[in-house]
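Participant: Before I ask anything, here is the structure I am working with.
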Amino acid sequence: MPVSRRTVLAGAAAAPLAAGVLATPQAAAQRGYLVGVGISDVTGPAAECGMMGYSMPQQQTAGIHQRTRARAYIVAEPGGRRIVFVNADVGALFQSVHQGVLARLAERYGDLYTEQNVLLNATHTHAGCGGSSWYAAYNLSILGFQRQTYDAQVDGITEAIQQAHGNLAPGTISLGRTELTDASVNRSRTAFELNPRADKDHFPLAIDPAVTVLRFRQGGRDVGAIAWFATHGTSMTNANKLISGDNKGYAAYAWEHGRGTRYLDGAPEFVACFPQTNSGDMSPNLNLKPGSGPTEDEFENTRIIGERQFTAAKAAFDNATTAVTGPLDFRFCYVDMSRVTVDGRYTPDGRQRTTATAAIGVSMLAGSTEDGPGLPLPEGVRNPFIDALGGMDAPIPQALADAHAPKVIAVPFGAMKPHPWAPEVLPLQILRLGQLHLVAGPAEYTIVAGLRIRRTVATELGVPLENVIMQGYANAYSQYVTTPEEYDSQQYEGASTLFGRYTLPAYQQEFARLAAAMRDGASVPPGPQPRDLSGDQLNFQPGVVVDSPPLLKRFGDVLTEARGSYRRGEQVLVEFVTGHPKNDLHRNGTFLEVQRLDGGTWVRHADDGDWATKYRWRRTFLAESTATITWDIPPDTPVGKYRVVHSGDAKSLDGTITPFTGASRAFVVS
């Protein structure tokens, strides 16, 4: 049913900044903006790589349903400031990737794009490749740091930014809003109900239904969209082993696919992304069970929840009549979140409090029963990565236990040796784009936690609440942030709030400091620098030794052939002799093509980024493996002659990697 929880101030503009800021809103409006968009591939190893999100060691990639992408947007004042916004189809935007991308940008652009004006964030898909963090907590189930995953993310994000930089042109941005009430449910209602009535009244359905959309145009042509909405990337379950952008990846694909965006060649015609906001307690599993709701099929749920986000975003986009005007601005700093003294203005009881050394609670190990329960390790299974770190047992001093109460500490991440298992020096950022302000935090914020931060920042800046967005999963990752009241219930989210009961008040205080500096045109000290752990990484995931075809077979040979003809709605299945996908990730390429005969020439009709195709890899015997490619023929497929082509790579004993291709028989679709 419709939610009348607030008056949407779509046309409200931010109050002018104090003297000393680069430009006034009026001057910026007269000059207008330069805008640019870009997209690139961040897909990691499509086989035998632990997946990021559910912490299930047995969940290792075994193919691709849809490739994962990074989507970049640059907004610049001619001759003045600029900001970069990147949304990537990854489980978390780890600090390692943030540092890697910034280093690459510095090499190419000097001080044009820095940690100050670049905001990187994740869709939080749980069906992407893991192992890109430099901190042990996030590599435990993945058996260590995976260089291929890391490089794919850093390279893809950097390329998307370069592409956006290259097509900067005069343009306009407009703002649209709507609400969506059937794509999320509160998975931690017990904790939510402990919040004060004023907070709960803001969310009468216990969800955040806000959809906020930016519409980017160049010369009267639509070139991009950003659509914020809070729901987890967990439509795909922890039993899935195919790489996928989950529901937000589908939403972006549906929009771009309809606009003719090409992923494999040339500049995109249109780039759409669906970033998170404060989605810490928002689940897409509407029946509060993994893979359940609105149907009992995880692939169909991914499509439906994605389609609902796309439909809502497109409606807001089409009605985005409020011009985004005013200056660009940004504030950024690092904060050691394990040792913040919090003023009583931000604590529930008005007393000064402190944060604590990072630790997770016992109930965190159980996982979220609504989205994907599971322990870091099945009972009795050894993990060589954990063994190399000295195990998970560490003494828990009484002072630390008291500081986290009522949390029962399971693992004191911040006290582990030789380095903490999770980062404590974290990036905090506020970006201003005209009247819109993005509060970028490195965690998963519950809807009430996000609301309190937004209220704090809006008050400091003197702007409407609707013009402040909580951008979670940004620039680093440090698990959850709940309200102190939610923390007391020690649900999964509270047990995953690393720095104790006063983590949220600490964030409120530190973001208030950034907002006040932005308001006053003042600078902000950079704070302590995060560690560079790039040279201190372990990996116990076996690599590729050699590939071998079965006896009397060659790489690319067809093992299961296509039929001679199919009708729309049927599935084509072809199986090939293949090599290991780790030999070449085919980033910005494809492992498969469905080709259509057009005037005597075979042309690409679909690839492994399309919803209708699936590429499954399976090891059959020692060094032998197969690639099974399926194509669910869409109802609008043109009648004609088609074939399935597989592109792979094989590794010989001397380490040489040789590409190969194989093709099915031609078949007719009618």
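The values are calculated or read from the model by the stated rules, or taken from the named source; none is laboratory data. The shown structure was predicted, so the numbers you read here are calculated from the model rather than taken from an experiment. Quick reminder, even Gly has a Cβ in these numbers, built from the backbone with ideal geometry, and neighbours come from all protein chains shown.
Participant: Would you pick out the residues in region 587-601 that are under 30 Å from VAL544 (Cβ atoms) and touching a strand residue (DSSP E or B) at 6+ places or on another chain (Cβ under 7 Å)? It would help to see each step written out before you state the result.
Facilitator: Applying the first criterion (under 30 Å from VAL544 (Cβ atoms)) to region 587-601 yields 587-595.
Passing the criteria: ARG587, ASN588, THR590, PHE591, LEU592, GLU593, VAL594, GLN595.
Participant: Moving on to the next point. Just to be sure, is GLN60 polar (S, T, N, Q), surrounded by 24 or more Cβ atoms within 10 Å (Cβ to Cβ) and touching a residue at least 60 places away in the same chain (Cβ under 8 Å)?
Facilitator: no
Participant: Confirm whether ASN475 is touching a His at 6+ places or on another chain (Cβ under 7 Å) and either farther than 20 Å from SER279 by Cβ or touching a residue at least 24 places away in the same chain (Cβ under 8 Å) (or both).
Facilitator: It is true that ASN475 is touching a His at 6+ places or on another chain (Cβ under 7 Å) and either farther than 20 Å from SER279 by Cβ or touching a residue at least 24 places away in the same chain (Cβ under 8 Å) (or both).
To keep it simple, each residue is scored yes or no on (1) among the basic types (Lys, Arg); (2) surrounded by 21 or more Cβ atoms within 10 Å (Cβ to Cβ).
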| position | (1), (2) |
| --- | --- |
| GLY280 | no, yes |
| ASN285 | no, yes |
| LEU288 | no, no |
| GLY291 | no, yes |
| GLY326 | no, yes |
| ARG345 | yes, no |
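Participant: Please work out if PRO638 is loosely packed, with under 14 Cβ neighbours inside 10 Å and not aliphatic (A, V, I, L, M).
Facilitator: So PRO638 fits the description; yes.
Participant: All but one of (1) crowded, with 18+ Cβ neighbours inside 10 Å; (2) among the hydrophobic types (A, V, I, L, M, F, W, C); (3) touching a Gly at 6+ places or on another chain (Cβ under 8 Å) hold for ILE629, so report the exception by its number.
Facilitator: Of everything listed in (1) crowded, with 18+ Cβ neighbours inside 10 Å; (2) among the hydrophobic types (A, V, I, L, M, F, W, C); (3) touching a Gly at 6+ places or on another chain (Cβ under 8 Å), ILE629 misses just condition (3).
Participant: Going by the conditions given, is GLY609 crowded, with 21+ Cβ neighbours inside 10 Å and outside any strand (DSSP E or B)?
Facilitator: Spelling it out, GLY609 is indeed crowded, with 21+ Cβ neighbours inside 10 Å and outside any strand (DSSP E or B).
Participant: When you look at VAL457, is it assigned to a helix (DSSP H, G or I) and either crowded, with 24+ Cβ neighbours inside 10 Å or under 21 Å from the mean Cα position of the chain (by Cα) (or both), yes or no?
Facilitator: For VAL457, the condition - assigned to a helix (DSSP H, G or I) and either crowded, with 24+ Cβ neighbours inside 10 Å or under 21 Å from the mean Cα position of the chain (by Cα) (or both) - is met.
Participant: Scan region 474-489 and tell me whether some residue there is of a type in the set (Asp, Glu), more than 30 Å from GLY53 (Cα to Cα) and assigned to a helix (DSSP H, G or I).
Facilitator: First, the residues of region 474-489 that are of a type in the set (Asp, Glu): 485-486, 488.
From what is left, the residues that are more than 30 Å from GLY53 (Cα to Cα) are none.
No - not one qualifying residue is present in region 474-489.
Participant: Here's another thing I want to ask about it. I'm trying to understand the selection: among the residues of region 164-192, which are more than 30 Å from ALA206 (Cβ to Cβ) and surrounded by 20 or more Cβ atoms within 10 Å (Cβ to Cβ)?
Facilitator: Across region 164-192, the qualifying residues are ALA164, HIS165, GLY171, ILE173.
Participant: Which pairs do you get when a residue that is modelled with pLDDT under 95, found in region 111-127, comes within reach of a residue that is assigned to a loop (DSSP other than H, G, I, E, B) and surrounded by fewer than 24 Cβ atoms within 10 Å (Cβ to Cβ), reach meaning Cβ atoms under 9 angstrom, with the pair 6+ apart or on two chains?
Facilitator: none
Participant: So which residues in region 123-179 are closer than 21 Å to ASP246 by Cα, touching a helix residue (DSSP H, G or I) at 6+ places or on another chain (Cβ under 7 Å) and among the aromatic types (Phe, Trp, Tyr)?
Facilitator: Within region 123-179, TYR150 is the sole residue that qualifies.
Participant: Condition (residue is surrounded by fewer than 24 Cβ atoms within 10 Å (Cβ to Cβ), of a type in the set (Asp, Glu) and part of a strand (DSSP E or B)) applied to region 46-57: is it met by at least one residue?
Facilitator: Yes: one or more hits.
Participant: Take region 69-89 and flag every residue that is closer than 29 Å to GLN541 by Cβ and either free of Cβ contacts under 8 Å to residues at least 60 places away in the same chain or touching a Cys at 6+ places or on another chain (Cβ under 8 Å) (or both). Steps first, answer last, please.
Facilitator: Going residue by residue through region 69-89, those that are closer than 29 Å to GLN541 by Cβ are 69-71, 86-89.
Those that are closer than 29 Å to GLN541 by Cβ and either free of Cβ contacts under 8 Å to residues at least 60 places away in the same chain or touching a Cys at 6+ places or on another chain (Cβ under 8 Å) (or both): ARG71, ASN87.
Participant: Additional query: Pick out, from region 157-240, the strands (runs of 3 or more DSSP E) lying fully within it that include 1 or more residues that are without any contact (Cβ under 8 Å) to a residue 24 or more places away in the chain and of a type in the set (S, T, N, Q).
Facilitator: Once the strands (runs of 3 or more DSSP E) in region 157-240 are filtered for at least 1 residues that are without any contact (Cβ under 8 Å) to a residue 24 or more places away in the chain and of a type in the set (S, T, N, Q), nothing remains.
Participant: Scan region 387-401 and tell me whether some residue there is farther than 21 Å from THR503 by Cβ, in a helix (DSSP H, G or I) and without any contact (Cβ under 8 Å) to a residue 24 or more places away in the chain. Steps first, please.
Facilitator: The first filter runs over region 387-401 and keeps only residues farther than 21 Å from THR503 by Cβ, leaving 387-393, 395.
This time we only want the ones that are in a helix (DSSP H, G or I), so: 387-388.
Keeping just the survivors that are without any contact (Cβ under 8 Å) to a residue 24 or more places away in the chain gives 387.
Yes.
Participant: Among the residues of region 293-320, write down those that are closer than 16 Å to GLU179 by Cβ and surrounded by fewer than 19 Cβ atoms within 10 Å (Cβ to Cβ).
Facilitator: Answer for region 293-320, where residues must be closer than 16 Å to GLU179 by Cβ and surrounded by fewer than 19 Cβ atoms within 10 Å (Cβ to Cβ): THR311, ALA315, ASP318, ASN319.
Participant: Given the criteria crowded, with 24+ Cβ neighbours inside 10 Å, of a type outside the set (Val, Ile, Thr), modelled with pLDDT of 95 or more and out of contact with any Asp or Glu (no Cβ under 9 Å at 6 or more places or on another chain), does ASP208 qualify?
Facilitator: When the stated conditions are applied, ASP208 passes them.
Participant: What about MET518, is it more than 24 Å from SER368 (Cβ to Cβ), of a type in the set (A, V, I, L, M, F, W, C), in contact (Cβ under 8 Å) with a residue 40 or more places away in the chain and surrounded by 16 or more Cβ atoms within 10 Å (Cβ to Cβ)?
Facilitator: Considered against the rule, which asks whether it is more than 24 Å from SER368 (Cβ to Cβ), of a type in the set (A, V, I, L, M, F, W, C), in contact (Cβ under 8 Å) with a residue 40 or more places away in the chain and surrounded by 16 or more Cβ atoms within 10 Å (Cβ to Cβ), MET518 comes out as yes.
Participant: Within region 130-149, restricting attention to residues that are assigned to a loop (DSSP other than H, G, I, E, B) and among the polar types (S, T, N, Q), which residue is surrounded by the fewest Cβ atoms within 10 Å (Cβ to Cβ)?
Facilitator: GLN146
Participant: Those residues that are of a type outside the set (S, T, N, Q) and part of a loop (DSSP other than H, G, I, E, B), I need them from region 612-646; list them, please. So that I can check it myself, show each step before the final result.
Facilitator: So in region 612-646, the residues of a type outside the set (S, T, N, Q) come out as 612, 614-619, 621-624, 627, 629, 631-636, 638-646.
Answer for region 612-646, where residues must be of a type outside the set (S, T, N, Q) and part of a loop (DSSP other than H, G, I, E, B): ALA612, LEU622, ALA623, ILE633, PRO634, PRO635, ASP636, PRO638, VAL639.
Participant: Okay, moving on. Go through the residues of region 524-536 one by one and say whether even a single one is in contact with a Gly (Cβ under 9 Å, 6 or more places away or on another chain), crowded, with 16+ Cβ neighbours inside 10 Å and part of a loop (DSSP other than H, G, I, E, B). Full working, then the answer.
Facilitator: Initially, region 524-536 is screened for residues in contact with a Gly (Cβ under 9 Å, 6 or more places away or on another chain), giving 534.
Cutting the leftovers down to crowded, with 16+ Cβ neighbours inside 10 Å gives us none.
The answer is no; no qualifying residue exists.
Participant: Let me ask something else about it. Search region 361-377 for residues being of a type in the set (A, V, I, L, M, F, W, C) and either closer than 21 Å to THR231 by Cα or assigned to a loop (DSSP other than H, G, I, E, B) (or both), and hand back the single one that is modelled with the highest pLDDT.
Facilitator: That would be MET364.
Participant: Does any residue of region 571-593 turn out to be part of a strand (DSSP E or B), under 19 Å from PHE667 (Cα atoms) and polar (S, T, N, Q)?
Facilitator: Yes; the residues of region 571-593 include at least one that is part of a strand (DSSP E or B), under 19 Å from PHE667 (Cα atoms) and polar (S, T, N, Q).
Participant: A follow-up question, please. For region 271-284, which positions are closer than 14 Å to ILE305 by Cβ and either small (Gly, Ala, Ser) or touching an Asp or Glu at 6+ places or on another chain (Cβ under 6 Å) (or both)?
Facilitator: Initially, region 271-284 is screened for residues closer than 14 Å to ILE305 by Cβ, giving 274, 276, 279, 282-284.
Within region 271-284, SER279, SER283 meet the criteria.
Participant: Might you check whether a residue that is closer than 29 Å to THR149 by Cα, at pLDDT 95 or above and in contact with a strand residue (DSSP E or B) (Cβ under 9 Å, 6 or more places away or on another chain) occurs anywhere in region 521-529?
Facilitator: Yes, there is a match, as at least one residue in region 521-529 is closer than 29 Å to THR149 by Cα, at pLDDT 95 or above and in contact with a strand residue (DSSP E or B) (Cβ under 9 Å, 6 or more places away or on another chain).
Participant: Looking for whichever is closer than 24 Å to ALA227 by Cβ and surrounded by fewer than 24 Cβ atoms within 10 Å (Cβ to Cβ) here; the options are ALA122, ALA88, ALA76, ALA106. Which one fits?
Facilitator: Result of the check over ALA122, ALA88, ALA76, ALA106: ALA76.
Participant: Between a first residue in region 131-142 that is over 14 Å from MET56 (Cβ atoms) and a second residue that is buried (at least 24 other Cβ atoms within 10 Å of the Cβ) and small (Gly, Ala, Ser), which pairs have beta carbons less than 6 Å apart while being 6 or more apart in sequence or on different chains?
Facilitator: SER133/SER96; TRP134/SER96; TYR135/ALA422; ALA137/ALA422
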